[in-house]
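What follows is a short report on a single structure.
Derivation of every value follows stated rules applied to the coordinates shown; laboratory data play no part. All of these numbers come straight from a predicted model, not from anything done at the bench. Using ideal geometry, Cβ is built from the backbone for each residue, glycine included, and neighbour counts are taken over all protein chains shown.
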């Protein structure tokens with residue numbers, strides 16, 4: 001895995017543990033020679049992880065819609081920054097540039113990005129690993145809800161397992177590296193799924 005797409009908040013959140021985890025993930029990625037792909041902002045947790053990767057000598061690619069350059073304050077010091085026309089293009093390019101995905105604590109945008117790549121994996125559009133950095137139990141409620149969805153018959157247990165979770169950066173990267181894209185029950189065969197992509 002040469003690059004990792006990290007979804008996280010454009011805010012810092014209430015706990016300093018979130019920024020600490022962003023810096024920890026940055027260090028773990030640089031140590032493993034994994035480049036960062038992210039939303040291109042320099043505020044909130046987005047800015048923390050980008051700044052830390054850059055400070056440690058790592059590579060950072062940002063992807064940000066033109067309309068959000070001012071609002072999210074596009075980061076001017078990245079290895080490269082792609083300014084795109086809209087959110088659809090942003091998410092597609094981030095996915096294309098990445099060998100895997102991690103969601104850190106964040107808001108609705110983070111969740112929307114996470115569930116899109118999770119859905120794409122379930123359908124068979126990609127075989128890339130997806131992980132949650134579950135800082136201080138931030139995602140415990142979400143993981144519990146997904147178990148409820150499985151119990152109610154709307155998601156297969158094997159498909160729920162496409163999403164891995166760990167509470168430290170090192171443990172999460174190790175889990176992502178162990179990910180076996182062929183062990184799960186996808187809804188579509190890869191060649192069929194690829195034909196449905198735009």
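The label-point distance for residue 136 and residue 92, in a model that sets each label 7 Å from Cα toward Cβ, rounds to 3.9 nm. Note on the chain: percent of Cα-Cα distances in each 5 Å bin, starting at 0 and stopping at the bin with the largest distance, equals 1, 8, 16, 21, 21, 16, 10, 5, 1, 0. Please determine, in degrees from 0 to 90 and to the nearest 10, the orientation of helix 44-55 with respect to the longest principal axis defined by the Cα atoms of the chain, where the helix direction is its Cα long axis. For 44-55 against the chain, the angle is about 70 degrees. Peptides 122-131, 11-20, 169-178, ordered by how many other C-beta atoms sit within 10 Å of their residues on average, highest first, read 122-131, 169-178, 11-20. Here the contact order of the chain, divided by its residue count and restricted to Cα pairs under 8 Å and six or more residues apart, works out to 21 percent. Highest mean packing comes first when the peptides 89-97, 29-37 are listed by Cβ atoms within 10 Å, giving 29-37, 89-97. Against the chain, whose longest principal axis is taken from its Cα atoms, helix 87-97 shows a tilt of about 80°.
The calculated 222 nm mean residue ellipticity attributable to helices in the chain amounts to -13500 deg cm²/dmol, summing -39500 (n - 2.57) over DSSP H runs of n ≥ 4 and dividing by all residues. For region 5-30 versus region 50-129, the inter-centroid distance based on Cα atoms is 14 Å. Can you tell me the 0 to 90 degree angle between the C-alpha axis of helix 169-178 and the longest principal axis of the chain, rounded to 10? In the chain, helix 169-178 runs at an angle near 40 degrees to the longest axis. Put in line by how crowded their Cβ is, counting other Cβ atoms within 10 Å and starting with the fewest, 38, 179, 139 read 179, 139, 38. When only C-alpha pairs under 8 Å and at least 6 residues apart count, what is the relative contact order of region 2-100, in percent? Across region 2-100, relative contact order equals 31 percent.
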